[in-house]
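Sending over a structure as structure tokens; questions will come in a sec.
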Amino acid sequence: MNFLKTLVAAGLVAASTVPVRALDISGAGATFPYPIYAKWADSYKKETGNGMNYQSIGSGGGIKQIQSKTVTFGASDMPLKPEELTKSGLVQFPTVVGGDVPVVNLDGVKSGDLKLDGDTLAKIFLGDIKSWDDPAIAKLNPSAKLPKQAIVVVHRSDGSGTTFIWTDYLSKVNADWKSKVGANTSVEWPAGIGAKGNEGVANNVANTKGAIGYVEYAYAKQNKMTAVNMINKDGKSVAPSAEAFQAAAANADWEKADHYYVILTDQPGATSWPIAGATFILIHTQPQDPAAATEALKFFAWAYKKGDKMAEELDYVPMPDKVVTSIQKMWASEIKDGTGKALFTASN
Amino acid sequence: MADVAWQETDVSAQDVVTERARVLNKLRIGDIVFHQITKASALFVLVVLGGVIVSLFIGAMPALQEFGFGFLTAQSWNPVTEKFGALAPIYGTIITSFIAMLIAVPFGLMIAMFLTELCPMWLRRPIGIAIELLAGIPSIIYGIWGLFVFAPFLQTHVQPPIIAAFENIPVLSTLFAGPPFGIGILTASLILAIMVLPFITSISRDVFDAVPPVLKEAAYGLGWTQWEVWRYVVLPYTRIGVIGGVMLALGRALGETMAVTFVIGNAHKITTSLLAPGTTISATIANEFTEAVGDLYTSSLIALGLILFVITFIVLAIARYLLLRIERRVG
């Protein structure tokens, strides 16, 4: 009987905590923005007392979870097409910008020593260019002394937003890549070896002489990997830096984009890094739990307002202000509760 | 005891009979309960296995309906166009396990032979414990070691001379064609061989130990060499146990995931070169399941799991059949 009593008591305690827990926002999805979401959540909790619980299970998982309504918001590195959003009753908005950096392992080659253009990069990843002393690479790097060494292509073996940005870029700059491979979170790779996660690619590149791979910008920077400069759409050579990603984000036409379906690869601008991409939040237009959704929107409004510096510290690029204004306008007009009342007004 | 019992019958024979019936009844109930518990445990295994098969089937259905038999014979694995074929992972699974067994079986048997027959007493324990410790190392450690230590070593010191040496020999030049990646089918097979070695060695050692000394002594007395004794006395006497160990090792090699994922290169392609990257069924599932978007993609991965299940089942069936044939011939 005592045991039963304890059980009942425990149940009561659990039940009484439910209303309090409902204020906690739950989200799931992409692994790439996890560090910044976690940091924002931590500061937000300190400031407001409301928590945000984010599970970095991958973009694919995030999309599945928000579609099955088990979380308040989903997160994806790949924007959903407008028709998919309408079908699932979702809207999306970008939070921060990041991107991919090609990294190499060549004796005597340091960051910035080597530059490539999109077409050459695509040919390397197609397996058409097999050796580092290929004339196409030599033409772009007249002063570099490149060895007669086999190129080992390293790509992601798991599905990833990083791969989506990478293959989307290669599809834009090389017709062969577009027709043979295409762009997705995972593709049928024509050449090379696969490794799991940014860290897997990084380790394989670091351990294999003559290797070229691609990792998340923040990952390349924090691990001081040997990065390759890219020649962008305007024909200028750029190094991967926060400014170059910012330039790509600023030069994109967010306003005109349908449902913020913008992929930041191959953007115009002399200083734009060509392999950039935003990460997105997905939320229902008529959430099952309007209170939780309101909290989520409040959280992201706070993050846009106060989170820029934290993002920069972690090597993410914050969204330009005019894009934020447009996003909040969209929230006010699109996201409503059951009675049709907007959950978010610009004042809160 | 007998005296006590005799005295009791004196008191009342009737009481004793009921008492005995009561005690026996109690024992019988205990027996029944024990019987039922053991039976339930055994049946539980069947239920779990049945559940796994059924859920694999249901999960794999969309892919099997879409691709039909072609799923087994197509090499393409393209998430963009949603065309999936399992041939490359099936090939990778079988070829890595085959090469691993090719290396591990002779090695394991020789180690077991040395340990039981030829090894000085003081060295037996250290080697025996070392072998068992190999079995206790988690597979992720093998994977990390393979990626950081073994693969770079192979890439710089082993693969270039192999490629150069076989360059002009017809068949070997295609089997060992460059460039040296470090990781690939061969590296994965070598890691697998190390991982399954303890299974073969410890089981063989235990069954070799069980060979009656008188048989071996008689053979030695006839002037047989160590090889002859092992080949014609020890091995025939223990082959059922040895085959059991080999099959256990093969089962482990077929299903091994983490270590292989690290060093095989994860490329959905069938290449004639053993130095080229490939993939296995379990490595593909481990890599792609978390980010698989779309029903067909997920379903294809589950279908891969079903295929691995079937392969393992076939291997077990073959092992049973071999054992049966040996038993029939001996008995």
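Readers should treat all values here as calculations from the given coordinates under stated rules, not as data from a laboratory. Predicted, not measured: the structure shown is a model, and the values here were computed from it. No Cβ is skipped: glycine too gets one built from the backbone with ideal geometry, and neighbour counts run over all protein chains shown.
At B:Ile169 and B:Val16, where each label point lies 7 Å from the Cα along Cα→Cβ, what is the point-to-point distance in nanometres?
My value for the distance between the label points is 8.7 nm.
Calculate, for B:Arg125 and A:Lys45, the FRET efficiency according to 1/(1 + (r/R0)^6) with r their C-beta to C-beta distance and R0 60 Å; round to the nearest 0.05.
0.60
Something else now. If r is the Cβ-Cβ distance from B:Val52 to B:Ile326 and R0 is 22 Å, what FRET efficiency results, to the nearest 0.05?
Numbers: r = 31 Å, r/R0 = 1.39.
The formula returns an efficiency of 0.10 here.
Ok, one more. Using 18 Å as the Cα-Cα cut-off, could you pick out the over-long pairs in A:Lys139/A:Lys236; A:Lys148/A:Lys221; A:Lys110/A:Lys224; B:Lys83/B:Lys269; A:Lys45/A:Lys298; A:Lys148/A:Lys209?
Result: A:Lys148/A:Lys221 exceed 18 Å.
For B:Lys26, list the aspartates and glutamates whose Cα falls under 17 Å from its own Cα; do not include residues on the same chain fewer than 8 positions away.
Within the straight-line cut-off, B:Lys26 pairs with B:Asp15.
Set the Förster radius R0 to 51 Å, insert the Cβ-Cβ distance between A:Lys139 and B:Phe69 as r into 1/(1 + (r/R0)^6), and round the FRET efficiency to 0.05.
0.55
Per residue of B:148-154, how many C-beta atoms from partner chains lie within 10 Å of its own C-beta, taken as a mean?
On the way: counts 3, 1, 0, 4, 4, 1, 0.
Mean partner shielding for this stretch: 2.
For the protein assembly as shown, rounded, prolate or oblate, judged on the Cα gyration tensor with a ≥ b ≥ c (square roots of eigenvalues), a/c < 1.5 rounded, else prolate if a/b > b/c?
Oblate.
I need the shape label for chain B. Rule: rounded when a/c is under 1.5, else prolate if a/b > b/c, else oblate, with a, b, c from the alpha carbon gyration tensor.
Oblate, since a/c reaches 1.5 and b/c is not below a/b.
Let me ask something additional. Using per-residue counts of other Cβ atoms within 10 Å, averaged over each peptide, order B:46-52, B:124-130 from highest down. Can you show the working numbers first?
Details: B:46-52: 10.4, B:124-130: 12.6.
The peptides rank, most packed first, as B:124-130, B:46-52.
Given the C-alpha centroids of the range B:56-91 and the range A:172-216, what is the distance between them in whole angstrom?
Answer, in whole Å: 23.
Per-residue Cβ counts within 10 Å, from other chains only, averaged over A:192-205: what number is that?
5
In deg cm²/dmol and to the nearest 500, what is the mean residue ellipticity at 222 nm of the protein assembly as shown if only DSSP H runs of at least 4 residues count, each as -39500 (n - 2.57), divided by the residue total?
Rounded to the nearest 500, the figure is -18500 deg cm²/dmol.
What are the aspartates and glutamates whose alpha-carbon lies under 18 Å from the alpha-carbon of A:Lys123, with same-chain residues fewer than 8 places away excluded?
Partners found: A:Asp100, A:Asp133, A:Asp134, A:Asp168, A:Asp176, A:Glu188, A:Asp266.
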